[in-house]
Amino acid sequence: MQILPYKKEHHEFRKRLREFCKKEVIPNIPMWEQQKLVPKEVWQHMGRSGFLCPTVDKRYGGLGGDFLYSVILAEEIAYTNHSGLFASLHSDVVVPYIVSYGSEEIKQKYLPGCVKGDIITAVAMTEPDAGSDLSSIKTIAQDQGDYFVLNGSKTFISNGINCDLVVVAARDPDIEDPYKAMSLYLVEDGTEGFNKGNKLDKMGMHSQDTAELFFVNCKIPKKNILGQKTMVFLC
Amino acid sequence: MVNLDKFQKDIIKAAKEFAKGEFEPEAALEYDGEGVFPHEVINKAKELGFIGIHFSEQYTGAGLTYFEEVILSEALAQVDSTFGISIMYSVVGAEPIFLFGSEEQKSEFLPKVIEGDEIICHALGNNYDFILGANSPCIRVESIQDGAFILNGELSNVINGPCADWLIFCIHGSQIHRDEDFCIFLVPLDMDGIEIEPKVKGLGWSMCPRANIVFNNVELDKTYFLRNGYIGKKELMRFWASEMIIIAGLCLGIAKGSLDKALDYVKVREQFNKKLMDFPVTREKISEMLIKVLQARLITYNAAKALSNTTRKTSWKKLSKIVSQVSMAKVSSARAAKEVSDQSIQLLGGYGYMREYHVERFYRDAKCCELLGGNIHANRELIIQNAV
Ligand SMILES: Cc1cc2nc3c(=O)[nH]c(=O)nc-3n(C[C@H](O)[C@H](O)[C@H](O)COP(=O)(O)OP(=O)(O)OC[C@H]3O[C@@H](n4cnc5c(N)ncnc54)[C@H](O)[C@@H]3O)c2cc1C
């Protein structure tokens, strides 16, 4: 009996994805595990083959599919027995922040690249002293008129080395209530003051580039805030 | 509860001091990463007399018992399981000589292993299948020519195979019409026809390299026999019990060592403006871990004492009962090690998953303890066979 209402298109998507993994992923896993990184070209190949961000709207180059496509993506990557190519984190955790809270301008700027695999994303919430208790993060985003200026450090960030775009959680230092002070900001790789640390050496998931990220007087444009300011704990 | 005399307490103290001084965390990460056998640290352990303490003094041992081996294993593994395992396991291959060797063989080989630089590995784990009723020989007797056996086949996953000088293995007697016996050999590994194929590093026990040892028409006459070449099931059982009890001791160290790390951590880490230790969930977890450690320790100490009192003359019935206890000790200590180290990782959160925090390695080592020294099915079979 089929519990999830898969349709013919879903099955075809799964079949094509499995074929892709068989050819492009599985044979390379030993090498990636050793290098502790998945080459960016693989992300691009995957994106151009239509497997990244399957739920993103067609307007931005996506498949416009339902969440079952995401389920299939998660299942098939897990089935390859490695987690370096963390396509689900990108497609179903980080990109949805942009889809849900990004302005139209931001969506047009980033979503097509996310779908094609030219932009790999990460989400940076955890800090050395703030894990389960997200409200206690210390990274701040100061409003300086034309810019937000970010200062702080993040750790355990998946896709931390490969990422081209990061969703960063930071506090407004002028607001006292920690639950109201927090917002999400987009930071592009290459922005001055944004530095990637070393890959963390883990028990497993060796090809996954989990890393520390540092922000030192990192200036980002005002429009890079996601959604309304201070809404993180509300939605 | 567990009464240790002053001498035994001193062993634990000395072992921990040694371990804290010699098991360098940086080296542990490197050796674990690359699968390095820690020769130097083992040689230091030898110099200080930590190797082969239950062997008789006449063979340069310390004349102690399996019980002291267990508390030593526990103390070393508590500080660092991977180093501890490697040290304790560096001498397990010599145990068959101590148990079954001729007087000359004991005098010749044991000092070389205890004080010298030589390493003996054993492949008697390849014979566990007979307990489970299977009998697929890894090594086949191709023929017997002028009293010499011509052997072919492969011994798999022999611990310390890549760095050992000698190998002890046995073949089930059914191949030579001696159903009740095992034919046992002691051979140099540089012999003609023997090939050593090192295996890639596994999940845990990474400082004990493993190899498959392949036999291509290896010719062995009776000069390669251990003792007179034949041992009975009872003797093989005693060997297995000696191996299981050491692993049980190592597991106690893994459980306690990982618990120590978790306790240190939850006392200082704060989330939600509270020490982790102050969350009821944490208190429940830690208390459960403490119970598991003590349960495993009691059953293991008890079994170690019983095993220490056995000799070659111990009756089959009595030995079976003791082997069953030892098996229970191994099964429950391995379980405690796995469960407690798992929870320790959990209590450290993301940090527990990072190698530099030295907690995840306890867990990887614990899992291997379930698979080695007779996998858990063989261990359980020894318990069942004694009961029914
Ligand atoms: C491989 C990996 C990838 C990761 N990727 C990312 C990423 O991409 N982006 C990102 O932002 N983060 C990432 N993380 C971080 C992850 O989200 C945190 O590890 C997690 O939030 C837990 O935080 P912590 O590690 O600081 O543990 P802590 O919060 O310090 O928790 C430690 C222990 O205390 C317990 N505990 C905490 N609070 C309570 C309470 N109130 N009551 C009872 N028990 C409690 C926890 O359950 C845990 O057992 C990643 C982590 C790992 C291991």
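Loop sites here are GluC sites (Glu not before Pro) outside DSSP states H, G, I, E and B with no more than 16 other Cβ atoms within 10 Å. The longest part of chain B free of them is B:181-388. Among the chymotrypsin sites (Phe, Trp or Tyr not before Pro) in region B:241-304, those placed in a DSSP loop whose Cβ has at most 13 other Cβ atoms within 10 Å are B:Phe272.
When A:Asp172, A:Asp177 are compared by accessible area of protein heavy atoms, the largest-first order is A:Asp177, A:Asp172, using a 1.4 Å probe. Projecting label points 7 angstrom from Cα along Cα→Cβ for B:Lys318 and A:Tyr79 puts them 6.0 nm apart.
Quick one: which bits of region A:114-158 get at least 50 Å² less accessible when the partner protein chains are in, versus the chain alone, with a 1.4 Å probe? Residues shielded by partner chains are A:Asp133, A:Phe156. Structural descriptor for chain A: relative contact order 20 percent, calculated from alpha carbon pairs under 8 angstrom and at least 6 residues apart. Per residue, the accessible area of chain B comes to 42 Å², computed with a 1.4 Å probe over protein heavy atoms only.
Here the protein assembly as shown has an Rg and Dmax of 29.4, 97 Å, counting Cα atoms alone.
Of the accessible area of chain A, with the probe set at 1.4 angstrom, what percent is carbon plus sulfur? Taking all protein chains in place, chain A shows 52 percent carbon and sulfur surface.
Label point of B:His39 set 7 angstrom out along Cα-Cβ; within region B:107-126, amide nitrogens under 17 Å from it belong to B:113-121.
In the protein assembly as shown, taking the dipole from charged Cβ atoms about the Cα centre, the farthest positive-side position among B:Val331, B:Ser258, B:Trp205 is held by B:Val331. Under the combined filter of DSSP loop state and at most 13 neighbouring Cβ atoms within 10 Å, region A:178-228 retains these GluC sites (Glu not before Pro): A:Glu192. For a paramagnetic label modelled on B:Lys16 (point 7 Å from Cα along Cα→Cβ), amide N atoms under 16 Å away belong, within region B:54-74, to B:71-74.
When accessible surface is computed with a 1.4 Å probe, chains A and B are found to bury approximately 1200 Å² between them, both chains counted.
Using C-alpha pairs under 8 Å with a sequence gap of at least 6, the mean separation divided by the residue count of region A:8-119 gives a relative contact order of 33 percent.
The label-point distance for B:Thr311 and B:Glu219, in a model that sets each label 7 Å from Cα toward Cβ, rounds to 4.2 nm. Each helix, a run of at least 4 DSSP H residues, gives -39500 (n - 2.57); summed and divided by the residues of the protein assembly as shown, these come to -13500 deg cm²/dmol at 222 nm. Taking all protein chains together and rolling a 1.4 Å probe, B:Leu167 ends up with roughly 0 Å² accessible. Principal-axis analysis of the Cα atoms of chain B puts helix B:316-348 at an angle of about 40° to the longest axis.
Between A:Gln108 and A:Asp66, the FRET efficiency from the beta-carbon distance, with R0 = 30 Å, is close to 0.85. What is the percent of Cα-Cα separations in region A:89-228 that go past 21 Å? Tail of the P(r) past 21 Å holds 39 percent of the pairs. The angle separating the long axis of helix B:280-308 from the principal Cα axis of greatest extent in chain B is about 30 degrees.
Determine the shape class of region B:123-171: with a ≥ b ≥ c the square roots of the Cα gyration tensor eigenvalues, call it rounded for a/c under 1.5, and otherwise prolate if a/b is greater than b/c, oblate otherwise. Because a/c hits 1.5 or more and a/b fails to exceed b/c, region B:123-171 counts as oblate. Taking 7 Å steps out from each Cα toward its Cβ at B:Asp260 and B:Leu290 produces label points 1.7 nm apart. Largest GNM mean-square fluctuation across A:Ile26, A:Ile225, A:Ile140, computed for chain A with C-alpha springs under 10 Å, falls on A:Ile26. In a simple Cβ point-charge model (Lys, Arg +1; Asp, Glu -1; nothing else charged), the protein assembly as shown has a dipole of about 1880 debye relative to its Cα centre. Taking B:Thr311, B:Thr300, B:Thr82 as the candidate residues, the one with maximal mean-square fluctuation in a Gaussian network model of chain B, Cα springs under 10 Å, is B:Thr311. When the Cα gyration tensor is reduced to axis lengths a ≥ b ≥ c, the ratio a/c is 1.5 or higher for region B:1-123, and with a/b not above b/c it is classed as oblate. The solvent-accessible area of A:Lys154, taken with every protein chain present and a 1.4 Å probe, is close to 0 Å². Put simply, what bits of region B:336-353 lose 50 Å² or more of accessible area when the other protein chains are there, versus the chain on its own (1.4 Å probe)? With the partner chains in place, region B:336-353 has these residues losing at least 50 Å²: B:Tyr351, B:Tyr353. Protein-only accessible surface at a 1.4 angstrom probe places the residues B:Val79, B:Val41 in the order B:Val79, B:Val41, largest first. Provide, for q = 0.08, 0.14, 0.15, 0.17 Å⁻¹, the log10 of I(q)/I(0) from a solvent-free Debye sum over equal Cα point scatterers in chain A. Relative scattering, expressed as log10 I(q)/I(0), comes to -0.30, -0.91, -1.02, -1.24.
Under a Cβ-Cβ cut-off of 11 Å, what is the net charge of the residues other than A:Ala122 that fall near it, where Lys and Arg count +1 and Asp and Glu count -1? Local charge sum for A:Ala122: -1. For chain A, set up a Gaussian network in which alpha carbons nearer than 10 Å are linked by springs, and say which option among A:Asn151, A:Asn198, A:Asn224 fluctuates the most. Looking only at A:Asn151, A:Asn198, A:Asn224, the largest GNM fluctuation is found for A:Asn198.
Return the subset of B:Lys285/B:Lys338; B:Lys106/B:Lys222; B:Lys6/B:Lys305; B:Lys16/B:Lys256; A:Lys15/A:Lys202 for which the Cα-Cα distance in this structure is over 20 Å, preserving the input order. Violating the 20 Å Cα-Cα cut-off are A:Lys15/A:Lys202. Give, as a single signed number, the net charge of other residues whose beta carbon lies under 15 Å from the beta carbon of B:Asp278, with Lys and Arg counted +1 and Asp and Glu -1. Net charge in that neighbourhood comes out at +3. Using a probe of 1.4 Å on the protein chains alone, the accessible area found for B:Thr310 is around 10 Å². Report note on the peptides A:27-36, B:320-329: ranked by the mean count of other C-beta atoms within 10 Å, highest first, their order is B:320-329, A:27-36.
Suppose R0 equals 30 Å; then what is the FRET efficiency for B:Glu104 and B:Asn302 from their Cβ-Cβ distance, rounded to the nearest 0.05? E(calc), rounded to 0.05, equals 0.25.
When the charge dipole of chain A is built from unit charges on Cβ atoms (+1 for Lys and Arg, -1 for Asp and Glu) and taken about the Cα centre, the candidate among A:Leu37, A:Cys218, A:Phe233 whose Cα reaches farthest toward its positive end is A:Leu37.
Taking a sphere under 12 Å around the Cβ of B:Ala296 and counting the other residues whose Cβ falls inside, with K and R at +1 and D and E at -1, yields a net charge of +4.
In this calculation the C-beta distance from A:Asp118 to B:Glu195 is compared with R0 = 56 Å, giving a FRET efficiency of 0.65.
The values are calculated or read from the model by the stated rules, or taken from the named source; none is laboratory data. What you are looking at is a predicted structure, and each value in this text was computed from that prediction instead of being measured. Here Cβ is always computed from backbone atoms with ideal geometry, including for glycine, and neighbour counts include all displayed protein chains. Only protein heavy atoms, including side chains, enter the accessible area calculation; ligands, DNA and RNA are left aside. Shrake-Rupley method; radii C 1.70, N 1.55, O 1.52, S 1.80 Å.
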